[in-house]
Structure formats: structure tokens, C-alpha cells
Number of protein chains: 2
Amino acid sequence: MNLMSVKRGQEEKMKQENENLVVTGFTANGIHAGIKEDGRKDLSLIFSDRPANAAGVFTTNAFKAAPVIIDIERLKTGEAQAILANSGNANAATGAEGLRDARAMAKSAAIALEISDKQVLVASTGIIGKRLPIGKINKRIPSLARGLNPSGFRDAQEGIMTTDQFPKIEYRKRVISGKEVSICGIAKGAGMIEPGMATMLSFVMTDAEVDSETLKRCLVRGVDESFNAISVDGCMSTNDTVIILANGRAGNKSLTGRSRERSAFQEILSEILRELALSIVRDGEGATKVIGIRVEEARTREEAKKVAFSIARSNLVKTAFFGQDPNWGRIISAIGASGVALSVGDVSLYFDQIPLFNQGRGVKGNESKLSEVMKKEYIQVIVKLGTGKGFFSAYASDLTYDYVRINAHYHT
Amino acid sequence: MNLMSVKRGQEEKMKQENENLVVTGFTANGIHAGIKEDGRKDLSLIFSDRPANAAGVFTTNAFKAAPVIIDIERLKTGEAQAILANSGNANAATGAEGLRDARAMAKSAAIALEISDKQVLVASTGIIGKRLPIGKINKRIPSLARGLNPSGFRDAQEGIMTTDQFPKIEYRKRVISGKEVSICGIAKGAGMIEPGMATMLSFVMTDAEVDSETLKRCLVRGVDESFNAISVDGCMSTNDTVIILANGRAGNKSLTGRSRERSAFQEILSEILRELALSIVRDGEGATKVIGIRVEEARTREEAKKVAFSIARSNLVKTAFFGQDPNWGRIISAIGASGVALSVGDVSLYFDQIPLFNQGRGVKGNESKLSEVMKKEYIQVIVKLGTGKGFFSAYASDLTYDYVRINAHYHT
């Protein structure tokens, strides 16, 4: 089974599941507003029928795009009721005009939805350094709002796609303190887009009742193990945004403090975020493989993470996987270059349970088994550092001709 | 003029200059000992007729290859008389046997040269995880030593080459405190080699009289602006080594403390190291361009360096240059992702003096001039951060189909 068939299979699954993707109190929609030139959807709206507790995690890039700046400010209240997002234009590096445009589109949505504009969050992805076609956007917002419907998450997801090859939607239901709680997450990928942002957007909607502080903690933890655990090309965009809205419509007892109920919520939230993040890696530009990198026996989780990312970001490692070469030398070198103090004699390395390296040397005799593993589309790399109990998992795509083609041959 | 003709031109220049590459008291040689299978030279020896003051800078990779471990130990005396180096095998990830082999080859050279084996430094580059063919090496060392001659630097350089496409030798003469001082530096490149090390080796020989502490300081400073300022693919090998030997044969007054003479020496040493480093970038695997990245107006030199490397290591930036696209968005995003606190409105960006970005926005109207610049083989990127007086220059190669081909299609 090749990767495209996996992608198509996944798309089919998405279509089937779509009909049931309902989160009480939420409606959504996505339309073509004329920002993208090719007629695809480019403007999305997500709305909760009452103000929701809200939290966000944003890019740490020093040059934050206008919508990111606005959302960070607005989320200080811990509350929001709508997310308006566009693709085709990132509204980044657009100065004071960009901030005005972002506020203006939020205002238009607020008017159409009859809510305060402070309740509207915004997100943008696409070309940077160009002003938003704010006239087109404002003009289409009323009809976007009129089309809001409980089954609209799929349309909203389409409206934020750029170079994504398949949609990214995840949905879970679970009974928490006697009530059925739903979560739906949508995302768009880290495909490099005009003119080269690796923007990742993700919005999560839940009808759980969770106070905004707990919501923020749960989101940060989930993001750390998902979107912050993936590496397509190590580039961080000006627009990366993850927002969660929790409107409490499920009627559960509020998930506050440390409780079994909160753990249950964290579990499904983390699962959704991890699946979305993995689908972004799988859809990485030119990617033919996903490499799962689990680092164990580190002194601390932080050290495990450092080592995992040193491997995940190595172009030499990424090209070796594309070439289907079980090249342990490149991985050992990347581990050594991580900045973590290690002794090579303590380190062992496995691909899908097959040992490649231990006691300071390569393991011989597994060549034929390894050549089978290297053909797979998901390969699990396990590194044991022999220094403690810390662990971390990261996920990387391989580095291919298509990555170079896509990114060299796009012209601004 | 395409890059290959530049490379060939450089090779011609090397050949002409070679005849005069003499450093008083030094002899060198390089031969084929049978480590490489293709008959090319793979064993080199450099010898000073008296013990030289010596200093080294080595990889910070936690998994240092056997020869690196031995050199760090031996250089504690600040003295050495010979360097024995092989290509075709890195003697890395070879455990206790690797250390024994490295000591054994040094011992053979010491016997042939009739000096203490503590005076012999060793270096290796090539495949990792395989034992050195120590029998072959030991057998050929006597004839290697017999062939030592004052014009042997070119042969020694050939003996350390791996995937290098052209030789890397630099030579300077200068009168310092009334005496003519010579320096010759040789290097091999960061081409990714079996099975994927980006090993860089460089040896510098001078007849200047410099005490070993001053020598170390001069070397560290020179390396910081040269080998530590280049990025081919951000990978750091287990074997990276720079060694300098200064035998004092020029008879100058010792270059100690802070003096004009020391500055003069630093200048030619830095120049040699910078030229060698640039030739490594030019010869980066699959490279079609060298991108010089000068970051100015940073708060500190450290901040300038961080920003320069954030650009130099960005795959998105490197592919854009390969595609000849003046994609300022990718550079601005890489600057923002550097971890340095910056305001986008203060930043300006130039390619070969042509402004692309300032006051938070792209500069329009230079498209045709820029499309000419993008065709060049050396492009100077200047970034002004507007926050202070710190500056740093880094050098990167572009990321090409050939990089992927070379690194994906080598099989261990």
C-alpha cells in the first residue's frame, strides 16, 4: 500500500465520519470568498451559541502575524464565542494596516453574529507581506454566517487548507461525570506555502464544561506532546495557532483541579491533538514516510526531547529514511550532537524492535529484517540513553526530491 | 560561468601555487594505503623537524571518535611534532578497539619518525562503525614517512579527501617582527560521507614562533569566524578536527600577549581558515550557491550569530536560493524564529545591497535587479536588526536535488 492510498483511505474515513461530527452548541461554515485564486474555500467561521471558555497556544516566532497578536490580547479574558479564519493570505509582515484589517474582519463577523467583537478570534494562513483583500472578506461574511450549521466543521476545515493533500479532522465522544462530552478538532498542515510559511492552524471545539485556566493547562500539555513534537522542516511560522473553545453545553460538572474526570478529558483532547499532528507530518511536503522517534532512559523529559529533536531535524537522517537506508551512524551522530551529556557505550538503538546499535557498536546480522522495515511508511525508532527514566516521542517526515521541488520552484 | 568552472579554475590556481607551498621545517606526504577501495590516496603524514607548539579545536559531539579523544589528551602538553591522518574510515563508534587502533597507528608513525608517540596526533574520516584496517596502515607508514618532503602538502591534502570535488589548500606569507612567516592550511570538506558523517578536518602549519597558549587563542578566534560560521546541513560529526602546529623556524620574536605582531599573525591565520571554510561550503554536497549572511545592528555578537544561523540552517531559505527566488518571507520568518527578541519594524534586509524588506514590509520595485542577483553563485544577504552594534557573518550552501540524491542514495 503506498502513501497516496493511505491518504485516500483516510479521506474516505473522514467523509463517513463527517456526518456525525456534532458538538452541542457549535455551528461552522466555510466558503470561497475570493482570496485564493483557484476557487477553493478560503474563509471559515466557527461559532458557539454562547460564550465559551477559551485558550490558545501560539507561535513563539518574534514576528507574530496580526491575527496572532490580536488573539493573544483577546484571550486574556479566557472567553470567546467565534473563530474567523482565512487561507490564501497570512496577514503577516503587514504592519499597522494588517492589525487594522484583522480587527475589521473580526468586527464584520461580530456584527453578523450579533456579538461583541472582543468575542471573535481570528486566524490567517497563506502568502505573507501582502494586505488582506479586506473588502472581499467583509462582503462575504454575512453569507458565511448565514450558512453556519451543526455539520459545518468539514467545510470550515476546507476553508483553512493551503497545500494540504487531505483534510484533517478528528472527533471523540466520551462520558465524563455522567454526561456525554464531544470534542472535534480541525487542522491545516505545515506544508510550506506562499511564500514559504510552514503555518499550522488548529481549532478544537468541545461542549465540555472546563474552566478557562484548566482548559489552558490541558491544551498546553496536549500541544506539547503533539504539535510541539513534530518536525517537518524545523521552520516555525509567524502564524502558528492552536485555539480551544469549551462551551459547557454537555452539562458536566466543571472539570477543575486534579480529578479522574479531568484526566479523561485530557486523554481524549491529547489523542485528538496527536492524531491531527501526525496527519500533518504524514502530509508534510514531499513526505513518503513518518518516522516516530521515541527516546527513553534519559535523565529528564527535557533531555529526551532534545535528543529526539536532534534526530528529527537532521537532514542526513531524513534523507537516509527517504533512501530506505538503515543508517544508524547518522542517528548516533545526531544523538551525540544534541548537546546532552552522554556516553556512547550506554546508548542503544532500535528500528521497530530490531537492534541496530548497542555497547558502542553496530549490531550485525539483522540486515534482511531491516531492509523490510525500511520499506514501511511508518517506522518506529527507539533510542535508549541508559541515563535515567525520562522519555519523549517526536515525529518527523523524510526529506525528499519533492520537498526540494515544491520549495525551490515556488516563486514569489 | 557555472560552478564547475569556478571549481576547476580554483583547482588550476591550486596547482600553480603548490610549488611554492613551503613552511620552514615542515615536510608532508600522502599515499594510497588500501583503506579506500578505489586506489585514491588515503593516508597522510605531516612532520615538523622539531617539536612544535600545538593547539586544536574539536567537535563538540558527545560521541567523539577515537582519534579525537587521543588528540585532546595529547594536546594538553601544548606540543606535537606530527599529524597522521587517514580517510576512508572514521574510526568512530569503534569502542576500546578503536582507541587501541588509533594509538597503534600513532606508534607506528613515531617509530618511523624516531620521535615519542606522544608527539604524534591522529585524525580519521570516512565510514563509521568499522574497525580500521590497522595492518595495512602500519605496513605502509614507513614508506609514507620516507616520502616526506617540503612540497608534500598537496599530497597530504589529497590523502584526507573523501567526497570533496576539489582540493582545499591555502597559503600566506607575511613579514612579522622582521622575519618572513609562512602559514599553510589544508582541509577536507563537510561532504556527507559513508555512512553519513559531515566530517571536517583541517591542519594548519606555520613556522611562526607562537607560545601554545596564544596559539590556542588565535586558533579559537579564527575557527569561530570560519569553520564555526558555516552551515552545509547543520550536522556535526564525531570527527571534526582543526589542528595548528607552530614550529618557530621563522625565528621571529615569540608572538605572545597583545601586540601588533600577534594581530598580524591572527589576520593571516583567520584569512586562511575563512578561505578554507568557504571552499567547504562551495563544495557542499549538491551545492550550486554560497549564501553569505551578514547580520548587523544586533545587541551582541552572540545575538547576531543566533540570527545568522537561524537563516543559514533553514531548509526553506536554502531551497529558495536553489530555486533563485528572492523570498524575503522565509528569511524574515527565520529571523523571527531565532529566539532573539526583535521588533519586525526595526529589521531591514538586503541582497547584494538591494533592499527587500524594511519598516515591517516588503520593498517593491526591485524585482528585475533581484532576479539578476539570484542567478549569481555568491549572494550576500545583509540583515540589519536595528537593536545595537553586534555583527556576525555566516555562510551557507543551498539545498538541492543533488543533496537529496547523494544522501538518500548512499547505502550502508
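The values are calculated or read from the model by the stated rules, or taken from the named source; none is laboratory data. Predicted model only: the values in this text are computed from it and were never measured. Cβ placement follows ideal geometry from the backbone for every residue including glycine, while neighbour counts extend to all protein chains displayed.
Confirm whether B:N315 is touching a Pro at 6+ places or on another chain (Cβ under 7 Å) and either modelled with pLDDT under 90 or within 12 Å of another protein chain (Cβ to nearest Cβ) (or both). Working first, answer last.
Values: touching a Pro at 6+ places or on another chain (Cβ under 7 Å): no; either modelled with pLDDT under 90 or within 12 Å of another protein chain (Cβ to nearest Cβ) (or both): yes.
The answer is no for B:N315.
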(message) For segment A:297-341, give me the residue count where each residue is part of a helix (DSSP H, G or I), free of Cβ contacts under 8 Å to residues at least 60 places away in the same chain and among the charged types (D, E, K, R).
(response) 2
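Working carefully through the options B:D101, B:D155, find the one that is within 14 Å of chain A (Cβ to nearest Cβ), of a type in the set (D, E) and in contact with a Ser or Thr (Cβ under 8 Å, 6 or more places away or on another chain). Spell out how you get there, then give the answer.
Numbers: B:D155 fails: within 14 Å of chain A (Cβ to nearest Cβ).
Testing whether each residue is within 14 Å of chain A (Cβ to nearest Cβ), of a type in the set (D, E) and in contact with a Ser or Thr (Cβ under 8 Å, 6 or more places away or on another chain) leaves just B:D101.
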(request) Evaluate segment A:260-276: report whether one residue or more is of a type in the set (D, E, K, R) and farther than 25 Å from A:V210 by Cβ. (result) no
(request) Considering only residues that are farther than 27 Å from A:A208 by Cα and buried (at least 23 other Cβ atoms within 10 Å of the Cβ), look in segment A:36-62 and name the one that is nearest to the chain's Cα centre (by Cα). (result) A:N61
(message) Can you say whether B:A156 is over 30 Å from A:L356 (Cα atoms), under 22 Å from the mean Cα position of the chain (by Cα), of a type in the set (G, A, S) and not in a strand (DSSP E or B), as far as the supplied structure shows?
(response) yes
(message) Contact list please: Cβ distance under 9 Å, first residue in segment B:85-101 and basic (K, R), second residue buried (at least 24 other Cβ atoms within 10 Å of the Cβ), pairs at least six apart or on different chains.
(response) B:R100/B:A66
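Closer than 27 Å to A:K76 by Cα, modelled with pLDDT of 95 or more, hydrophobic (A, V, I, L, M, F, W, C) and touching a helix residue (DSSP H, G or I) at 6+ places or on another chain (Cβ under 6 Å): which single residue out of A:I128, A:I111, A:I137 fits that description? Break it down stepwise before answering.
Numbers: A:I128 fails: modelled with pLDDT of 95 or more; A:I111 fails: touching a helix residue (DSSP H, G or I) at 6+ places or on another chain (Cβ under 6 Å).
Unique residue meeting the criteria: A:I137.
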(message) Among the numbered criteria (1) in a strand (DSSP E or B); (2) surrounded by fewer than 17 Cβ atoms within 10 Å (Cβ to Cβ), which one does B:K136 miss?
(response) (1)
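Picking from B:S263, B:S270, B:S231, B:S226, which residue would you name as being closer than 27 Å to B:S348 by Cβ, outside the structural domain of B:K376 (by TED's automatic domain parsing) and modelled with pLDDT of 85 or more?
Numbers: B:S263 fails: closer than 27 Å to B:S348 by Cβ; B:S270 fails: closer than 27 Å to B:S348 by Cβ; B:S231 fails: modelled with pLDDT of 85 or more.
From the options B:S263, B:S270, B:S231, B:S226, the qualifying one is B:S226.
With respect to A:G284, determine if the residue is closer than 20 Å to A:I406 by Cα and buried (at least 20 other Cβ atoms within 10 Å of the Cβ). Break it down stepwise before answering.
Working: closer than 20 Å to A:I406 by Cα: yes; buried (at least 20 other Cβ atoms within 10 Å of the Cβ): yes.
When the stated conditions are applied, A:G284 passes them.
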(request) Would you check which residues across segment B:52-66 are touching a residue at least 40 places away in the same chain (Cβ under 8 Å) and either farther than 20 Å from B:C218 by Cα or out of contact with any Ser or Thr (no Cβ under 9 Å at 6 or more places or on another chain) (or both) and list them? (result) B:T60, B:N61, B:F63, B:K64, B:A65, B:A66
(message) Against the definition (outside any loop (DSSP other than H, G, I, E, B), more than 8 Å from chain B (Cβ to nearest Cβ) and in contact with a Gly (Cβ under 9 Å, 6 or more places away or on another chain)), how does A:L356 come out, yes or no?
(response) yes
(request) Quickly run through segment B:173-220 and pick out the residues that are in a strand (DSSP E or B) and at pLDDT below 90. (result) B:I193, B:M197
(request) Could you grab the pairs with beta carbons closer than 8 Å, sequence gap of 6+ or different chains, first residue in segment A:67-83 and part of a helix (DSSP H, G or I), second one of a type in the set (K, R)? (result) A:I70/A:R103; A:I72/A:K64; A:R74/A:K118; A:T77/A:K118
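Could you tell me whether segment A:258-273 includes any residue that is within 12 Å of chain B (Cβ to nearest Cβ), in contact with a helix residue (DSSP H, G or I) (Cβ under 6 Å, 6 or more places away or on another chain) and within 28 Å of A:C184 (Cα to Cα)?
So in segment A:258-273, the residues within 12 Å of chain B (Cβ to nearest Cβ) come out as none.
No, every residue in segment A:258-273 fails to be within 12 Å of chain B (Cβ to nearest Cβ), in contact with a helix residue (DSSP H, G or I) (Cβ under 6 Å, 6 or more places away or on another chain) and within 28 Å of A:C184 (Cα to Cα).
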(request) May I ask you to say which residue of A:V363, A:V347 is surrounded by fewer than 18 Cβ atoms within 10 Å (Cβ to Cβ), of a type in the set (A, V, I, L, M) and touching a strand residue (DSSP E or B) at 6+ places or on another chain (Cβ under 8 Å)? (result) A:V363
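Table: residues versus (1) more than 25 Å from the chain's Cα centre (by Cα); (2) over 30 Å from A:L316 (Cβ atoms); (3) at pLDDT below 95; (4) of a type in the set (S, T, Y).
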| site | (1), (2), (3), (4) |
| --- | --- |
| B:S254 | yes, yes, yes, yes |
| B:I280 | no, no, yes, no |
| B:E285 | no, no, yes, no |
| B:V290 | no, no, yes, no |
| B:A304 | no, no, no, no |
| B:D325 | yes, no, yes, no |
| B:A341 | yes, yes, yes, no |
| B:G345 | yes, yes, yes, no |
(request) Would you mind telling me which numbered condition in (1) outside any strand (DSSP E or B); (2) closer than 12 Å to A:D42 by Cβ; (3) out of contact with any helix residue (DSSP H, G or I) (no Cβ under 6 Å at 6 or more places or on another chain) A:S151 fails? (result) (2)
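Name the one entry in A:A156, A:A110, A:A104 that is touching an Asp or Glu at 6+ places or on another chain (Cβ under 6 Å) and closer than 28 Å to A:F63 by Cβ.
On the way: A:A156 fails: touching an Asp or Glu at 6+ places or on another chain (Cβ under 6 Å); A:A104 fails: touching an Asp or Glu at 6+ places or on another chain (Cβ under 6 Å).
Residue meeting the stated conditions: A:A110.
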(request) Just give me the residues in segment A:374-400 being under 17 Å from A:F322 (Cβ atoms), within 14 Å of another protein chain (Cβ to nearest Cβ) and surrounded by 16 or more Cβ atoms within 10 Å (Cβ to Cβ), in sequence order. (result) A:M374, A:A396, A:S397, A:D398, A:L399, A:T400
(request) Evaluate segment B:87-103: report whether one residue or more is farther than 23 Å from B:E37 by Cβ, of a type in the set (V, I, T) and surrounded by 19 or more Cβ atoms within 10 Å (Cβ to Cβ). (result) no
